[in-house]
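One structure is given here, and the rest of the page talks about it.
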Amino acid sequence: MDGDDEIVNTHEAKTRLSQLLAKVEAGHSVVIARGGKPIARLVPITPKVEPVFGALRGKLTVGPEFFEPLPEDELTGWS
């Protein structure tokens with residue numbers, strides 16, 4: 001368990017579910033225990049970020065030096 005987890009028993013979790021979910025939405029986690037033994041953890045779900053293709057179009061450029069061969073001393077560092 002993390003040091004900042006709030007631990008609640010099952011009865012308290014049932015009666016305070018909305019409050020506990022609000023706490024989880026704020027980034028905290030809550031451990032639910034039965035008889036003092038931890039049995040579950042409520043944690044925030046990280047939203048899945050879908051890539052937006054073309055989002056950087058026109059914002060990045062690659063100069064002609066990018067296509068030039070690397071210097072010999074730099075190439076040896078890759079071997």
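Helices in the chain, meaning DSSP H runs of at least 4 residues, each add -39500 (n - 2.57). Divided by all residues, the mean residue ellipticity at 222 nm is -6500 deg cm²/dmol.
Apolar share of the accessible surface for the chain: 59 percent from carbon plus sulfur atoms, 1.4 Å probe.
Restricting segment 9-69 to trypsin sites (Lys or Arg not before Pro) that sit in a DSSP loop and have at most 15 other Cβ atoms within 10 Å of their own Cβ leaves Arg16, Lys48, Arg57, Lys59. What the phi angles of segment 69-79 give under the Karplus curve with 6.51, -1.76 and 1.60, with θ = phi - 60°, is a coupling list of x, 6, x, 4, 5, 6, 5, 5, x, 8, 8 Hz, glycine and proline written as x. For the chain, the per residue solvent-accessible surface stands at 89 Å², with DNA, RNA and ligands left out and a 1.4 Å probe. If the segment from Lys48 to Asp5 were pulled out straight at 0.36 nm per residue, it would be longer than the present Cα-Cα gap by 13.1 nm.
In terms of overall dimensions, segment 27-79 has a Cα radius of gyration and Dmax of 25.1, 68 angstrom.
The values are calculated or read from the model by the stated rules, or taken from the named source; none is laboratory data. Just so it is clear, the structure is predicted and the values come from calculations on it, not from any experiment. So basically every Cβ, Gly included, is an ideal-geometry build from the backbone, and we count neighbours across all protein chains shown. Note: areas computed on protein heavy atoms with side chains; ligands, DNA, RNA excluded. Shrake-Rupley method; radii C 1.70, N 1.55, O 1.52, S 1.80 Å.
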